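Readers should treat all values here as calculations from the given coordinates under stated rules, not as data from a laboratory. This structure is a prediction, so every number in the text was calculated from the model and none was measured. Glycine also receives a Cβ, built like all others from the backbone with ideal geometry; neighbour counts cover every protein chain displayed.
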Amino acid sequence: MIRRGVSILAVAGVATLALFSAQAGGQGSSTPAASATPGATPAASPAASPVAVDELRVVEGKALAQSLCITCHTVDGRPLVGPTWQGLYGSTVELEGGGTVTADDAYLHESIVDPMAKIVKGYPPAMAPYGTLLTDEQIQDIIEYIKTLQ
């Protein structure tokens, strides 16, 4: 039920983005007009971002994050109970007890499924494991959303 609602929002979001991309491409934008074609995205362009993302997954991930994650995580740089997601993807994360890890797909997936595996320095080990609540696809959707928060 939630997936269908999220999918409808995703289709509307992708259609809006495609329309915006087409209009921007015709107004002297530095984004090539080819990026308005289906399957090509401005975010997937090397000039736009070093991280390629799937727009449909981003829309669905954002909806999931807004319903499940924003109680403890922010997207604007402010810390809450958990670390902010702004600038997280690809960054070096300091861990309690020493050591660091790169916040890539594998680390973020592990942190959602088994949040006690690697505790971020300065934050309490308070996150519940979401591996039984979310499918791997939904977890990847959230990760795709996190990638956009640079």
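For LYS121, only one of the following conditions fails: (1) out of contact with any strand residue (DSSP E or B) (no Cβ under 6 Å at 6 or more places or on another chain); (2) surrounded by fewer than 18 Cβ atoms within 10 Å (Cβ to Cβ). What is its number?
Only one criterion in (1) out of contact with any strand residue (DSSP E or B) (no Cβ under 6 Å at 6 or more places or on another chain); (2) surrounded by fewer than 18 Cβ atoms within 10 Å (Cβ to Cβ) is unmet by LYS121, namely (1).
Would you kindly identify the helices (runs of 4 or more DSSP H) lying entirely within the stretch 50-150 that contain at least 1 residues that are among the aliphatic types (A, V, I, L, M) and over 10 Å from the mean Cα position of the chain (by Cα)?
Once the helices (runs of 4 or more DSSP H) in the stretch 50-150 are filtered for at least 1 residues that are among the aliphatic types (A, V, I, L, M) and over 10 Å from the mean Cα position of the chain (by Cα), what remains is 55-68, 105-113.
Every residue in the stretch 71-90 that is surrounded by 14 or more Cβ atoms within 10 Å (Cβ to Cβ), out of contact with any helix residue (DSSP H, G or I) (no Cβ under 9 Å at 6 or more places or on another chain) and without any contact (Cβ under 8 Å) to a residue 40 or more places away in the chain, please.
THR74, THR84
Please go through the stretch 124-150 and give me each residue that is of a type in the set (Ser, Thr, Tyr) and either crowded, with 18+ Cβ neighbours inside 10 Å or touching a residue at least 24 places away in the same chain (Cβ under 8 Å) (or both), ordered by number.
TYR130, TYR145, THR148
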